[in-house]
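For reference, the structure is listed below as C-alpha cells.
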Amino acid sequence: MSQSLLSTQHLLGIKYITKEDIELILKTATEFKEVINRPIKKVPSLRDITIANVFFENSTRTRISFELAEKRLSADIINFSASSSSVSKGETLLDTVNNILAMKVDMIVMRHPAPGAHHFLAKHIDANIVNAGDGTHEHPTQALLDVYSMIEKLGSVEGKNIVIVGDILHSRVALSNIFCLKKLGANVMVCGPATLIPKHISSLGVIVEHNVRRALEWCDVANVLRIQLERQDVRYIPSLREYALYFGINRHLLDSLNKEIIIMHPGPINRGVEITSDVADSRQSVILDQVENGVAVRMAVLYLLASARN
C-alpha cells in the first residue's frame, strides 16, 4: 500500500485538506478496491487499531459503509448510537467521547447535527477524527467517493463540467463536492429553486443555474441531491410534485439531450421526486458504483489516518 502520508491527522472536511491529500486518498482507494474484489476481502492493515463509530444522527448507508471498511481492514470496532446512550440524559459531547476514549480508542468516526462539532473534538482529544457528516456543513467521504466514481468514468475531472442539482441549501454533500471538485480543477454548477440555493454560493467559484434543462445540456455529470424535508423548518418549495415537475430528472428529459451524461445520487433516493426510477436504474447511472466505491474510499481514509499515527 502507499507509504505517503496525509498532511493532516484528521478528516474534518474537504476544505481543510490539500489537492495532494485528495489524490493520495483516491490512489489508495484504487489499491483497496482491488482488495475488496478478491475472494478474501480482508487485509490486516489496522489489526491493532480500535475505531469508534459515534453517530448522533440516523444513518444507514454511511454507517454500514464505514463499518464494512473497518472490518475489511481488520480493525476492532465500537458502535455508539446517541439515541440509546447517556446523551439522551444530557451528557455533553466531550464527556461522551472521553468515556469512549477511556476504552483506548484510536480513531473516531462521527456524525453530528452541529456544524463544527468535529473541530471542537479535534482540539480536545487525542484520537484521529473522521467527519461522517456535521449538520449542513460537510460530508467529506461522500465527496471523495463521488469524485472517485466520476474519475472512474471520465479518467479525470479536470476541465469537466459537473452540475449538482437539488437542495443545495441543506446539503453537506454539495459543499464537500464543491470544495473537492474545485481543488481538482473541475467546472462546477449548482442548480435548483432559488429558495434552495445559498445566497453567496457563487463566491465559491460555482455557476448558479435555475433551469434544469440548461444545466443538463452544459454538464458531463449530474450529481442529483435529495430534497431534505427533515432539515426544512419552513416550506422552501410549494410541493414535492411541483419540484418534480420543474427540477426532477426523468427519462424523457435525458433522452431529449444531444449527449449522454453520467447520473449520480448520494442516496437515499426519493424516487419520482428528484429522479425517476427509469433514470436511477439506467446504464447512465453510477449510483451503485458509488456505494461500492464508498467502502474503498473509506478504507483509504482510515488506513492513511492510521499511518499518520505511527
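The values are calculated or read from the model by the stated rules, or taken from the named source; none is laboratory data. Treat the numbers as computed from the prediction; the structure is a model and nothing was measured. All Cβ positions, glycine included, derive from the backbone under ideal geometry; neighbour counts span all protein chains shown.
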The stretch 1-60, subset more than 17 Å from the chain's Cα centre (by Cα) and among the small types (Gly, Ala, Ser), residue modelled with the lowest pLDDT: 2
Return only the number of the condition from (1) in contact with a helix residue (DSSP H, G or I) (Cβ under 9 Å, 6 or more places away or on another chain); (2) modelled with pLDDT under 95; (3) crowded, with 18+ Cβ neighbours inside 10 Å; (4) not in a loop (DSSP other than H, G, I, E, B) that residue 246 does not satisfy. (3)
So residue 271, is it without any contact (Cβ under 8 Å) to a residue 12 or more places away in the chain, in contact with a helix residue (DSSP H, G or I) (Cβ under 6 Å, 6 or more places away or on another chain) and of a type outside the set (S, T, N, Q): yes
Residue, modelled with the lowest pLDDT, within the stretch 216-243, restricted to residues that are assigned to a helix (DSSP H, G or I) and exposed (fewer than 13 other Cβ atoms within 10 Å of the Cβ): 230
Taking the criterion of being surrounded by fewer than 22 Cβ atoms within 10 Å (Cβ to Cβ) and among the hydroxyl-bearing types (Ser, Thr, Tyr), would at least one residue in the stretch 134-141 satisfy it? yes
Can you confirm whether the stretch 186-207 contains a residue that is exposed (fewer than 15 other Cβ atoms within 10 Å of the Cβ), within 23 Å of residue 270 (Cα to Cα) and in the same structural domain as residue 256 (by TED's automatic domain parsing)? yes
Surrounded by fewer than 21 Cβ atoms within 10 Å (Cβ to Cβ) and either under 30 Å from residue 178 (Cα atoms) or under 21 Å from the mean Cα position of the chain (by Cα) (or both), is that true of residue 63? yes
